[in-house]
Every structure is written in C-alpha cells, then in structure tokens.
Amino acid sequence: MEKPFVQLYTGLEKALDTLDHSLTGIDRYARGIELIRGTITQVGPLGRKMMRGRETEVAYFRQVWPVFYGKLLLYIRLYHFELYRLSLPGGALPAMIRREEKRIDAFFRSNREFWMYYRSGSPVLDEEFTRKHSQSRIFDPLALVIDQEGATLGSYRAAWCLAMEAYRAWMVEDQDRRKAPVSLTGLEGYTWGPADVDFVEWIYKLNAVEAVLYKGVPADISRLQRWAKAALGKEVANIYDRFKVLRNRKKDRMAFTKREAIALEKKMDEKEGKF
C-alpha cells in the first residue's frame, strides 16, 4: 500500500487496539464499526487521487480497498456474533461455533479459485479490479448495486475473503481464550520492552523457524500469543492484521530482526575484545 493508506490503517489499528482494552463484547465492535467507517471516509478521496490509469486503479482496488472494507465486514460479523451470543441459552455456544465454522468453510469452497489467485498476487484477476469490468457485467446482480465509481466486483469479493479469513482466526483465538488460563507461577515481573510492531515480527519469526513447540508440534500464532502473554504479559490484538501491515511495508519489513542481529554481533565483538 502507498504511504498515506499505511498511515491510515496503522492509526485505525491503534484505535481498535485501544478499544480492545477499554470495551468488551458487543460495545467493542459497535464502536469499532464507527471508527472503521470514519477512516473509510478518508480512504475514498485518497483513492480517487491515486487512480491515474489502469495500473493504479487495479492497485487501489486490489491492495487498498479490500483491506479497509474487509475490516469493516469483519467487525459487522463480529458484532452480529456477539449480539446473537447474548441470546443463547446455556450450553448452546459450541453448536453456534460449529455452524459458523461450517459457514466459513462453505464460503471458501465457493470462492476457492478467486482466493487462491488473489493471495498469490496473480495478474489473472487484475481485470476484475477495474470499474470498466464491473460496469460491463450487466447480468451480475452485485454489479447493479455496488458503487460503480467507488468499488469493483473484485474489490468486494477480496474484502469478503479477507474478512472471512480474519473471522476464522478470531474464532480460534476466542475459543483459546475460553480455555483454562495458563499458570503464571514464577513468571511475575517479566514484560515486553520493544514496540508492538516488533512483538508481531518476533512472534511470526518464532513461528516461521518453528522455534517453539507445543506438545511436540510447532506452535501456531494463536498458541505463541498465549505463551507470550503468560511469559511476558504481552498480547497484541488483531495480530494477523498487524502482520499484514508489516509485510506490506516497502522498506525494513524485518527491522526488529535486523536490529537483533546487529546487537548480537556487537555483543559478540565486545566479548572478544573487538571495539
């Protein structure tokens, strides 16, 4: 993403992170929807300035639009999930979760090919991210109702794919949070020092090199988060989305890892008497 959009998304993530620590349940997502919509009002004008030809049009509707609207669709779904959960009788939550998991699986079966090409960055889909293509689909019901200047069929489908992917990850995290807490005996006093973005990079690095095992199997991001919370009292909300922002950086995607390597090299040199 271009710098102005990265700044907007980073600011949005920080605001949503603050909500996660100040509000709970349905109130958190209701307020989150307001924040996301407020940010989106700034995205549109920037997008119109950015689009100066087919290449920049595809870039906007493929890389920018889905990220912000995908976040909005996710929070709307989470709002409805929490709203419905409030009305459930005792013991009915597991059945509801299974229904939602089936809904997610069905969605990705229906959109498997699109999602595969979109995630890989294949140019095969580029045409679907142009307004001309959407306007030409006169028999597609969705093409008749979307904003023909402010959205495309491809951007809308991509946003839903991102939302459903994040929804599935949220459900895994939500179920983990409901399990018995990890014992903190002997771990009091430890904290994480660097920034949140460094923590995200560190967690994903541990996952990539399979450095931490859980019952003999490389720990996934969710389990690494639980481990880090128990050991360091540190947890970053929406870590999957934060990682997307990190990997979309044009420079220094591994800034923390590089600082680690430089600091370790310096420490080794000092131990060997090299100054």
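Every read-out reported here was derived from the displayed coordinates using simple, explicitly stated rules and does not represent laboratory data. Keep in mind that what you see is a predicted model, and the values were worked out from it rather than measured. Glycine also receives a Cβ, built like all others from the backbone with ideal geometry; neighbour counts cover every protein chain displayed.
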As a footprinting exposure proxy, order ILE203, ILE221 by other Cβ within 10 Å, with the fewest listed first. ILE221, ILE203
Whole angstrom only: what separates the Cα centroid of region 204-275 from the Cα centroid of region 2-38? 24 Å
Stokes-Einstein at 25 °C, 0.890 mPa s, Kirkwood radius from Cα pairs: D for region 196-271 in µm² s⁻¹? 181 µm²/s
Compute the acute angle (0 to 90°) between the alpha-carbon long axis of helix 221-232 and the principal axis of greatest extent of the alpha-carbon atoms of the chain; round to the nearest 10°. 40 degrees
Å³ per residue of the Cα convex hull, for region 1-103? 102 Å³
Restricting to Cα atoms and excluding each atom paired with itself, what does the Kirkwood estimate give for the chain in Å? 21.0 Å
Step through the residues of region 137-149 one at a time and calculate ³J(HN,Hα) from phi using the Karplus curve (6.51 cos²θ - 1.76 cosθ + 1.60, θ = phi - 60°), rounding each to whole Hz and writing x for Gly and Pro. 8, 5, 9, 8, x, 5, 5, 7, 10, 6, 5, 5, 9
Convert each backbone phi in region 85-90 into a coupling constant with the Karplus relation 6.51 cos²θ - 1.76 cosθ + 1.60 (shift: θ = phi - 60°), then list the ³J(HN,Hα) values in order as whole Hz, x for Gly and Pro. 4, 4, 9, 6, x, x
Among THR18, THR191, what is the fewest-to-most ranking by other Cβ atoms within 10 Å? THR191, THR18
Within a Gaussian network of the chain (alpha carbon springs, distance under 10 Å), most fluctuating of PHE243, PHE139, PHE129: PHE139
Residues whose placed amide H lies under 5 Å from that of LYS234, excluding near-sequence neighbours: LYS229
Of LYS205/LYS251; LYS14/LYS234; LYS102/LYS234, which sit over 20 Å apart, Cα to Cα? LYS102/LYS234
